[in-house]
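Student: First, the structure itself, so that you have it in front of you.
Nothing in this text is a laboratory measurement; each read-out follows from the coordinates by a stated rule. Note that the coordinates shown come from a computational prediction; the quantities given were computed from them, not determined experimentally. Because the Cβ atoms are built from the backbone with ideal geometry, glycine has one as well, and the counts that use them run over all protein chains shown.
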Amino acid sequence: MLQESVANARTQTEQNLTQQSTQLGQSIQAGASLSDRWHDSVGKNLSYGEGSSSGFNTQVSQGMSNMQSAIDNVSKQTGWTKDQSQAYLQSAYAGVDVSVGGKLGPLGCSANAGVKWSDEERTAYSNMSSEQKQQLEQATKQYTDGANAITNAGTQVDNKDTRTSVEQFAHDFAINASNTKSLGASVMQSQSDLNALSNTQTRLESGGGSFTANANGAFQSYLER
């Protein structure tokens, strides 16, 4: 009964993780679309006549600049495409440890955003030097600082009925960032739960008799007390 219970819980957790990873990938993809929207229209249309020198617009514009610089740095250090580098940073921003194993795999959640890595790229990532990993951490911090600046700006316009294109962009960005972080936390929790259940299942299958006997003894003592 104990083995069956753990097995069922593990199966359910695997299903939850798969669903959450897919949703996270979709949120990452939506974030990439927002970035395209900035570069294709909002950022380009920002002119002095629209108040590009205002504190709000400057905050959003600088945040996007920091994020783009981080993407460029990751691409330069790793040889990844800009899309791969952005997906990596978005996953890291969501709090997902893309180096973990299990269902996520190296860069696994990012892959759900439609961005793929070859086996060679995954191997290269796993074998990165400490200096390369430190550079990725610095780029992640730069990306996070930029994203947080835009998110903070976006929360300032929550109650406005009429918004400029920059304000609407920041508002949409803040919503996406919140969703991405929430899904990232869910993914990591499910991964942690899955690891624990897998370890328990292995213990039960390899030494279930003694495990059950110990449990029965403790339960008998409880009944006697």
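Student: Between the DSSP loop rule and a limit of at most 11 other Cβ atoms within 10 Å, which chymotrypsin sites (Phe, Trp or Tyr not before Pro) in the range 1-83 are left?
Tutor: Of the chymotrypsin sites (Phe, Trp or Tyr not before Pro), not one in the loops of the range 1-83 has a Cβ with at most 11 other Cβ atoms within 10 Å.
Student: In whole Hz and in residue order, list the ³J(HN,Hα) couplings for the range 165-180 that follow from phi through the Karplus curve 6.51 cos²θ - 1.76 cosθ + 1.60, θ = phi - 60°; x for Gly and Pro.
Tutor: Computed from phi, the couplings for the range 165-180 are 5, 6, 5, 5, 4, 4, 4, 5, 4, 4, 5, 5, 4, 5, 4, 5 Hz.
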